[in-house]
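What follows draws every value from the coordinates through simple rules; no lab data is involved. All values reported here derive from a predicted model rather than from experimental measurement. Because the Cβ atoms are built from the backbone with ideal geometry, glycine has one as well, and the counts that use them run over all protein chains shown.
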Amino acid sequence: MHEYVTVAVVILILSEFLPSKGQTNIIVKSPIRLQYSNHCFRRTSRNQTRIRQPTVLYLRFAEQNRQSSPPHGNNKSSHLASEKALVADDLSMAIIRLLVTRLLRQMTRPAFLVTVIVLGLCSVYYLGYIQMTRAYSLIRRQTSSSTLILLWDFYDDDNFNQRLNGMMQNGGCPVSNCRFTTSRDDMDLSDAVIFNPILQRSYLPQRSFPGQIYVMYNMEPPTSFIDYPFDKYRGQYNLTMTYLDHPDTDIRIPLGYVMRRQNNSTVRKVTMRTKSRMVAWVVSNCNATGQRWRYAKELSKYIQVDVYGQCGALTCGKHCFRNIEKKYKFYLAFEKCYCKQYLTEKVFRTLNYNIVPIVLGGADYSELFPRHSYIDVRDFRSPKHLASYLKELDQNNHHYVEYFSWKMHLKAVDGRNKTAAFCRLCEVLHDRSYPYKKDFDLEDFWSVSDTCLLGDEEKAALNL
C-alpha cells in the first residue's frame with residue numbers, strides 16, 4: 001500500500017494548483033481509484049488557506065475494465081454510498097485518513113506544505129526500504145544453498161512444516177536441501193509459494209520477483225469449486241499438487257496404497273464374539289451436496305445404522321475406530337460427492353481394522369483395493385438389497401471372515417502424511433529443465449461437468 005501514500009501526496013500537491021471549483025478525479029490503474037475534492041479551500045485576508053468544508057479523499061477498490069451499470073430506483077443512494085466507502089485496512093490507509101480528518105481541519109498553508117513534504121520524504125524512505133529488502137532477498141536466494149518453500153495457507157496440522165523440515169534434515173528425501181516455512185514475512189525470500197485454492201478465493205499476492213514459483217495444492221473434489229472465481233487465477237500457477245491422476249498434475253499425492261506384507265508381520269485375528277452391532281458411520285460434514293445422506297437414511301429403514309460424530313447422536317471417544325472395530329461388523333466409508341478418482345482416507349483407514357468398509361463414491365475401487373476387501377453400494381439394486389446382503393453375512397461368520405483373507409499377504413497404508421509428495425516437490429524445484437506451467441487454466445483442470453455426477457445422475461449411479 002506504500003504506493004498509495006505516494007499517489008495521495010502527489011494529488012494533495014497538485015490540488016494547490018487546480019481551479020478552486022469543481023472536482024478532480026485521478027484514476028490510478030488497478031487496483032484502486034483515488035478521488036480528491038479540491039474546492040474546500042478559501043482565501044483569507046492574511047493570504048492563508050483554511051478549510052471551508054471537510055475534504056473528500058477516499059480510496060476505492062475497482063476492477064480494471066469494469067462495466068458499471070447506472071443505479072436504478074431506490075438503489076441509487078446505496079450505490080453511491082458503496083462507491084464512496086472508505087477503505088482503511090492498513091497503515092497507509094490510516095495515514096491518509098488521519099491526514100484528511102485531523103491535520104487539514106485547521107491547518108495553515110505553511111503547515112500544510114510542511115506536512116506534504118514530510119509525508120513525501122516518508123514515502124520515499126519506505127519505497128527505498130522495500131527495494132533494499134527485495135535486493136537483500138535476491139542476494140540471499142543467489143547465495144543460499146537451500147530452497148525456501150512458503151506454505152501460504154495450509155489446513156493440515158500446525159506442526160506439518162516442522163515435520164517436513166525434520167525429514168529434510170534427516171535425509172529422508174533424495175533431494176533434501178529444501179526448507180519449509182509458514183511465515184508470510186518470508187514471502188520475498190521464498191523460491192516457491194504453496195497455495196490452497198479452496199482457502200484462497202479472494203486473490204493471490206503479487207510475486208516478489210520474476211521466477212518465483214506458485215504451487216497449487218488441493219485435495220478437495222471439483223464440487224468444492226462451484227461458483228469459484230476462476231478468471232482471477234488463470235495463468236497464475238506454475239505447479240500442481242493434487243490427488244488427481246491427470247496430465248496436468250505435476251506432483252500426485254496418493255491418499256494411501258496397498259502393499260505386500262512382510263513375511264514376519266503378524267495379522268490380528270477377527271474377534272466375532274464382541275461384534276454385536278451391524279453398521280457404524282462417523283461423519284462430521286452434515287451439509288454435503290452428494291447423495292450419501294439420502295442413501296444412509298434409506299439403508300437405515302432396513303438395518304440399524306449408528307451415526308457418530310457431529311452429525312449423529314453418538315460420540316466416539318479417543319480411540320474411535322478401535323472401539324468401532326470391537327462392536328461393529330460394517331462401516332460406511334461414504335464420500336461426500338460422486339467424482340472420478342476422488343477418494344479420502346476413509347477406506348484405507350477402515351482396512352487397517354477388522355471391519356468391512358461399505359464404499360460409496362466415484363473412484364474405481366476395484367483398481368485400488370484387493371478383491372473381496374470391501375462392499376460397493378453400486379453392486380446392489382437398492383439400499384434394501386444391500387441391507388439383505390449384510391444380514392446374510394451377519395448370520396454366516398465364515399463368509400464374513402472371508403472379507404479379511406487378503407490381509408494374510410497384503411496391507412493397506414494410510415498416506416495422510418503426504419510427505420513423499422513434498423520430497424518430490426523439492427526434486428522438481430531443483431530440476432532446472434522442468435517445464436513449469438505458464439498458462440494453466442484451473443477451470444479446465446477442475447471441471448465438475450467432466451468428472452462428477454450430481455443430482456439425478458448420481459441417484460441413478462447409486463440405484464436410489
Exercise for review: Choose one of F209, G235, S276: the residue whose Cα lies farthest towards the positive end of the charge dipole of region 196-276 (beta-carbon charges +1 Lys, Arg; -1 Asp, Glu; about the Cα centre).
Suggested key: S276
Revision key, fill the gap. Neighbours of C426 by Cβ distance under 15 Å: Lys/Arg at +1, Asp/Glu at -1, summed charge +1
Revision key, fill the gap. dims of region 264-362, Cα set, principal axes, largest to smallest, nearest Å -> 42, 30, 26
Point to revise | Of K346/K411; K336/K384; K297/K391; K232/K336; K336/K438; K326/K411, those spanning more than 25 Å from alpha-carbon to alpha-carbon | key: K232/K336; K336/K438
Point to revise | Extended-chain gain in nm, criterion 0.36 nm per residue less alpha-carbon gap, D231 and S382 | key: 50.2 nm
